[in-house]
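Trainee: Pasting in a structure now, in structure tokens, and then I'll have a few things to ask.
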Amino acid sequence: MPCINCQCPFYAFQHGAAPAAGEDFECVVEDCVHPARFEHGEVLFMQGQPSASLYALAEGTVKICTHTPDGREHSIGMSSPNSLLVGLQSLSDERYAYTAIATTPVRACRINHRTLLSRLDGSRDISMRLINAFNAQLAHSRALMEVVGHHCAACKIASFLLLMTPKSEHGNCEYSMPFSRIEMANLLGLSEETVCRSMARMKREGVIFAPRGHIEIRDWDKLQQIAEDCSGWMALE
């Protein structure tokens, strides 16, 4: 059947290429894939469950989190349709190392681990696509680590918004933020009060517009400036 998930690393055409008008194209690992849908709040997989599949998102966002022995949830990241594979880190593990929860309605390709790995033998194309997926995941994780490593709260929050919000070619971009303020605080190592106060000031300065559950970047240059050097702003911690 024709592939419709052009965000998947196993999409028939790589970045920079495109099918001819009206041409059908297949997933290069079609025999490994099953379509999947999840509603807001549904779990794709749980930490500790047997690791069987990974997911290429076509629509929606997924929160990545871990759980402490006493049941507390700790957000550690997010995935969206940008060629990142949810569950990729557990490809060769027996059990998932984290939980994945849909924060919006999600449409995805569920890719079977065992079948995918069996396809690597004799297929340089699939092997290279998987390597590229690992590299994209590492780059994203490294960028998130750099965000969390900022000492200034405003730098952390501005950098986080730049990392998570898709930049529009037309300037302003309205985006459904899958994190609550407390989840952002948890992920960035800040207090909820600090996150709320910092974002409120960015709103007053005309940098963002952030009604609950949504965010609109109104001044990309200013947000980038805050991310790189917030010395001009008063301390927000």
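Trainee: Ser141: accessible area at probe 1.4 Å, nearest 10 Å²?
Mentor: Roll a 1.4 Å probe over it and Ser141 shows about 40 Å².
Trainee: Let me ask something else. Tell me whether the stretch 27-69 comes out rounded, prolate or oblate; compute the Cα gyration tensor, take square roots of the eigenvalues as a ≥ b ≥ c, and use a/c under 1.5 as the rounded threshold. Show your work: numbers first, answer last.
Mentor: Details: a/c = 2.68, a/b = 1.53, b/c = 1.75.
Since a/c reaches 1.5 but b/c is at least a/b, the shape of the stretch 27-69 is classed as oblate.
Trainee: Residue-wise, which Karplus ³J(HN,Hα) couplings in Hz belong to the stretch 41-47, taking 6.51 cos²θ - 1.76 cosθ + 1.60, θ = phi - 60°, and x for glycine or proline?
Mentor: Couplings: x, 6, 9, 6, 7, 10, 4 Hz.
Trainee: Accessible surface of Asp121 in the full protein assembly, 1.4 angstrom probe, to the nearest 10 Å²?
Mentor: Accessible area, nearest 10 Å²: 130 Å².
Trainee: Is the stretch 49-121 rounded, prolate or oblate when judged by the Cα gyration tensor, a ≥ b ≥ c being the square roots of its eigenvalues, rounded requiring a/c under 1.5 and prolate requiring a/b larger than b/c?
Mentor: Oblate, since a/c reaches 1.5 and b/c is not below a/b.
Trainee: For the stretch 135-140, what does the Karplus curve 6.51 cos²θ - 1.76 cosθ + 1.60, with θ = phi - 60°, yield as ³J(HN,Hα) per residue in whole Hz, taken in order and with x for Gly and Pro?
Mentor: The phi angles translate into 5, 5, 5, 5, 5, 5 Hz.
The values are calculated or read from the model by the stated rules, or taken from the named source; none is laboratory data. Just so we're clear, the structure is a prediction, and the values are computed from it rather than from any experiment. Protein only, heavy atoms only, side chains kept; ligands, DNA and RNA dropped before computing areas. Shrake-Rupley method; radii C 1.70, N 1.55, O 1.52, S 1.80 Å.
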